[in-house]
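In what follows, a structure is listed as structure tokens, so that the remarks can point back to it.
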Amino acid sequence: MIQKVLVANRGEIAVRVMRTCREMGLRTVAVYSDADRKSMHVRYADEAVHIGPAPSRESYLNIDRIIEVAKSTGADAIHPGYGFLSENAGFSERCEKEGIVFIGPGAHAINTMGDKISARKTMEKAGVPIVPGTLDPIDDEQKAIKKIKEIGLPVMIKASAGGGGKGMRLVHEEGNILSAIRSARSEASEAFGDGSVYIEKYITSPHHIEFQVLADNHGNALHLFERECSVQRRHQKVVEETPSPLLTQEVREEMGEHAVNAAKAVNYSGAGTVEFVMDDDLNYYFLEMNTRLQVEHPITERVVGVDLVKEQINIANNKKLTFNQKDLIQHGHAIECRIYAEDPDNNFMPSPGVIKHITEPLGLGVRTDGYVYEGFEIPMHYDPMISKLIVWGANREDAINRMQRALYEYKITGVKTSIRFLERVMQHKVFQSGRYNTTFIEKYSDDLFENEDCSGDCEDMAVIAAFLDYQAKLQKAKPPKHGGQMTNNWKAYGRRRIKIRI
């Protein structure tokens with residue numbers, strides 16, 4: 001049985017995994033780079049070991065070093081989180097070779113589903129609908145042009161390896177086919193070390209729907225329903241919700257069955273996500289399977305009432321699932337907003353820097369998974385996501401209202417964040433209607449990237465008061481001469497006639 005878990009990751013996901021480990025009575029080991037010496041996951045773990053310089057290839061991607069730390073600290077299991085080594089089949093194999101439990105699927109499942117071409121072939125054999133396109137890498141550009149004419153424009157040229165929107169090109173015109181293939185190959189080769197690309201029919205008005213699956217080592221597999229992930233920028237998710245406002249119950253059950261069959265087709269073990277693309281008429285097709293925990297897993301946990309990390313650890317301990325498909329229901333509605341240290345009004349430019357003040361929202365149905373604190377310097381070396389804000393409501397309208405309230409309460413100074421942008425998303429009538437798709441941000445950019453004249457009038461009073469309070473503490477202001485207590489900054493600055501528009 002697992003007693004000590006090394007979390008081979010950083011940031012909010014490392015803290016989130018450690019929280020469940022602590023609830024289960026398991027000890028934890030954090031690993032950290034030079035840039036993360038003061039990160040919250042280092043403080044939270046029972047032990048913490050330095051593994052290298054800031055660049056991830058010299059630290060969080062250094063398999064030899066991570067295995068060395070696991071053995072030296074007596075960790076009998078490794079949880080990879082998401083990103084970094086979480087979908088690295090070689091890492092999974094290495095853990096098995098060293099007698100360390102890898103809390104995730106085996107190398108076969110990772111390899112099969114990690115390559116999108118092999119995944120498409122496997123899904124076709126399993127009877128899971130796939131997007132019309134090629135089942136082999138493009139090796140002849142003239143044949144590719146011929147195939148695209150058969151499929152019909154528009155099409156997507158997609159990298160066989162990797163993800164995150166890299167190595168993808170949308171082609172609307174025949175004259176752009178060759179340049180799209182070549183640029184996709186080049187980007188894929190640089191990002192993943194594999195320049196293989198293939199062709200898929202582009203689904204007009206696409207919706208991104210994914211199903212959470214769990215499978216144990218005893219032949220049991222089930223799904224925990226869907227997540228709607230269609231609010232995206234550059235093919236990366238920004239807002240997720242569950243249940244999807246688009247699906248009917250009949251389609252939900254059908255897609256869930258396909259997701260379970262996809263997991264069974266590769267003898268899957270652990271938590272994974274089967275992703276589909278769907279059109280406005282509810283026709284859907286397999287996209288890919290992520291053989292790891294997803295960033296957006298908390299909304300599933302909230303509506304289903306299952307701790308997915310706990311289930312991952314139990315499965316790694318060779319335990320059977322303690323519930324079946326009929327035991328699971330969706331209760332209420334949950335939404336997640338990803339909070340990034342970036343400037344949405346400047347093409348989402350990353351905004352590393354020192355957090356001067358942070359006030360996280362609280363209250364009924366609100367959860368924040370983060371890793372920053374006042375005085376923490378957000379490093380420039382990694383993904384700029386600093387937290388995930390998750391809310392639950394009895395229905396979708398309640399959840400949207402609660403998210404708007406929570407975003408209003410979320411205050412961060414010192415760096416630019418996506419909080420105000422997310423408020424505009426929540427307030428947009430198309431999002432509120434539930435009839436949005438993956439083109440939402442691009443299509444309604446004039447509404448979502450509203451540049452206001454912030455000449456001193458449109459700052460939020462709470463941010464001003466919090467920052468002034470922070471400055472007062474730094475300066476260790478002396479008590480007033482009359483000997484009484486210092487005037488509360490909210491009162492002091494609220495009394496002044498500062499023109500503030502909220």
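Since every read-out is calculated from the coordinates, none of them should be taken as a lab result. Note that this is a predicted model, so its numbers are computed, not measured. No Cβ is skipped: glycine too gets one built from the backbone with ideal geometry, and neighbour counts run over all protein chains shown.
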Item to check | 18 Å reach of a label modelled at Gln3, 7 Å along Cα-to-Cβ, counting backbone N of the range 316-334 | outcome: 317-318
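From the mean inverse distance of alpha carbon pairs (Kirkwood) and the Cα radius of gyration, derive Rg over Rh for the range 4-103. Intermediate results must be reported in sequence, preceding the final value.
Numbers: Rg = 11.9 Å, Rh = 13.0 Å.
With Rh from the inverse mean 1/r over Cα pairs, Rg/Rh is 0.92.
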Checklist entry - Taking the alpha carbon gyration tensor of the chain, what are the square roots of 5 times its eigenvalues, largest first, to the nearest whole Å? => result 38, 29, 23
Checklist outcome for this item: Cα-Cα pairs in the range 1-60 separated by more than 17 Å, as a whole percent of all pairs, come to 31 percent
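Taking the Cα centre of the chain as the origin, how large is its charge dipole in debye, to the nearest 20, when only Lys and Arg (+1) and Asp and Glu (-1) carry charge on their Cβ atoms? Present the calculation step by step, with values, prior to reporting the outcome.
Numbers: 64 positive and 70 negative charges, 359 e Å.
The dipole magnitude comes to about 1720 debye.
If we count trypsin sites (Lys or Arg not before Pro) as exposed when they sit in a DSSP loop and have at most 15 other beta carbons within 10 Å, what is the longest stretch of the chain that avoids them all? Please report the intermediate quantities before stating the final value.
Working: sites that count: Arg37, Lys38, Arg234, Lys319, Lys320, Arg435, Lys476, Lys481, Arg496, Arg497, Lys499, Arg501.
Here the longest segment lacking exposed loop sites spans 39-233.
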Item to check | Farthest positive-ward along the range 333-442 dipole, Cα basis, beta-carbon charges - from Thr413, Ala341, Leu389 | outcome: Leu389
Checklist entry - Using θ = phi - 60° and the Karplus curve 6.51 cos²θ - 1.76 cosθ + 1.60, what whole-Hz ³J(HN,Hα) does each residue of the range 341-358 get, with Gly and Pro shown as x? => result 8, 7, 10, x, 7, 10, 6, 6, 5, x, 10, x, x, 9, 6, 8, 8, 9
Checklist entry - Which one of Leu293, Val251, Phe276 has its Cα pushed farthest toward the positive end of the charge dipole of the range 226-321, where Lys and Arg give +1 and Asp and Glu give -1 at the Cβ? => result Leu293
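Let me have the relative contact order for the range 207-448, percent, based on Cα pairs under 8 Å that are six or more residues apart. Please report the intermediate quantities before stating the final value.
Values: 485 pairs, mean separation 49.8, N = 242.
That works out to 21 percent.
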Item to check | Over the chain: helical MRE at 222 nm, DSSP H runs n ≥ 4 each giving -39500 (n - 2.57), nearest 500 | outcome: -10000 deg cm²/dmol
Checklist outcome for this item: Expressed in angstrom, Rg and Dmax over the Cα atoms of the range 132-201 are 10.8, 30
Item to check | Cα-based convex hull, the range 338-398, per residue volume (Å³, whole number) | outcome: 106 Å³
Checklist entry - Around Ser205, which amide H atoms from residues at least 5 apart in sequence, or from another chain, sit under 5 Å from its own amide H, with H modelled in the peptide plane? => result none
Checklist outcome for this item: Counting only residues 5 or more apart in sequence or on a different chain, those whose built amide H sits under 5 Å from that of Ala77 are Lys4, Leu6, Val101
Checklist entry - With a Cα-only, solvent-free Debye model of the range 180-302, what are the log10 I(q)/I(0) values at q = 0.09, 0.10 Å⁻¹? => result -0.28, -0.35
Next on the checklist: Can you compute 3J(HN,Hα) from phi for each residue in the range 132-143, using the Karplus curve 6.51 cos²θ - 1.76 cosθ + 1.60 with θ = phi - 60°, rounded to whole Hz and x for Gly and Pro?
Outcome noted: x, x, 8, 10, 9, x, 6, 10, 9, 5, 5, 5
Checklist entry - Once you charge only the Cβ atoms, +1 for Lys and Arg and -1 for Asp and Glu, what is the size of the charge dipole of the range 4-103 about its Cα centre, to the nearest 20 debye? => result 300 debye
Next on the checklist: Quick check on the chain: of the DSSP beta bridges with both residues there, what percent are antiparallel, nearest 5%?
Outcome noted: 80 percent
Item to check | DSSP-loop chymotrypsin sites (Phe, Trp or Tyr not before Pro) across the range 352-442, with at most 13 other Cβ within 10 angstrom | outcome: Tyr373
Checklist entry - Which whole number of Å³ per residue matches the convex hull of the alpha-carbon atoms in the range 236-316? => result 111 Å³
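I'm checking a number: the convex hull volume of the Cα atoms of the range 207-448, normalised per residue, in Å³. What is it?
Working: hull volume 31.1 nm³, N = 242.
Cα-based convex hull of the range 207-448, divided per residue, equals 129 Å³.
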Checklist outcome for this item: Scalar couplings 3J(HN,Hα) for the range 218-229 by Karplus 6.51 cos²θ - 1.76 cosθ + 1.60 (θ = phi - 60°), nearest whole Hz, x for Gly and Pro, are 10, x, 8, 9, 7, 10, 10, 6, 9, 10, 8, 10
